[in-house]
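Colleague: Submitted below is the structure of interest, expressed as structure tokens.
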Amino acid sequence: MHVLGKSQLNNDLDFQVETDDRIHFYIGPGSTVSSLTVLQTSIWYHVVATYKANSQIQLFINGVREASASISVTRAANSNPLTIGWNVVFPGRFLHGRIDQVRVFDAVSSEDRIADIFTVESGLVRARIYPAAEVCWSSRTNENYQLQWVSSLDSTNWVNLGTPLQGTGTTMCILDSTRAQEKQFYRLQVVP
């Protein structure tokens, strides 16, 4: 099923879900990478692919690089349209799902930038896990913030970390002990 592309035979720029339920990214003849993640229905995924001519292609799922390959391909310009959810070269490959917030950049984003975009768009707060995690965010005056955590992103049972905090218009931080936790993920909610 086609997600996005500017397709042309032997001049690919295609992003699609194959029958193995993985994301595949194609550039030109024979240059491809595939996700490790097997997609599941009813779950949103943040998917990013990067292409740098004669250098590398990469594939990121939920802010994490899952695949990369060195390439010696430079795509030529083509007059076919950029398509979302279908493919002009391979008709009938309609995506049976939803696509939201498509962006195409004219430069390759860094791995940190891609992770930051995922963090912002998913509502999660990026944190490094040590015996304690310091979670920081830019606050706005007169907004209340509730930091929450969960031990698995598959869970929908987010747990409040303390009580809501009123924003100060500066960077705010909370230090959370993680000694007894295998891993924790954090998100920040604006609350009344």
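The values are calculated or read from the model by the stated rules, or taken from the named source; none is laboratory data. Everything numeric here is computed off the predicted structure, so don't read it as measured data. Glycine also receives a Cβ, built like all others from the backbone with ideal geometry; neighbour counts cover every protein chain displayed.
Colleague: Quick one: is Thr41 hydroxyl-bearing (Ser, Thr, Tyr) and loosely packed, with under 13 Cβ neighbours inside 10 Å?
Modeller: Answer is yes for this residue.
Colleague: Same structure again: With respect to Val33, is the statement that it is free of Cβ contacts under 8 Å to residues at least 12 places away in the same chain, of a type in the set (Val, Ile, Thr) and either part of a strand (DSSP E or B) or within 30 Å of Thr156 (Cα to Cα) (or both) true?
Modeller: no
Colleague: Would you say Asn87 is touching a residue at least 40 places away in the same chain (Cβ under 8 Å) and farther than 22 Å from Arg113 by Cα?
Modeller: Considered against the rule, which asks whether it is touching a residue at least 40 places away in the same chain (Cβ under 8 Å) and farther than 22 Å from Arg113 by Cα, Asn87 comes out as yes.
Colleague: Out of the residues in the range 90-119 meeting the condition of being free of Cβ contacts under 8 Å to residues at least 24 places away in the same chain and small (Gly, Ala, Ser), tell me which one is farthest from Val3 (Cα to Cα).
Modeller: Ser110
Colleague: Here's a check for you: in the range 27-38, which residue that is at negative phi and crowded, with 19+ Cβ neighbours inside 10 Å is modelled with the lowest pLDDT?
Modeller: Ile27
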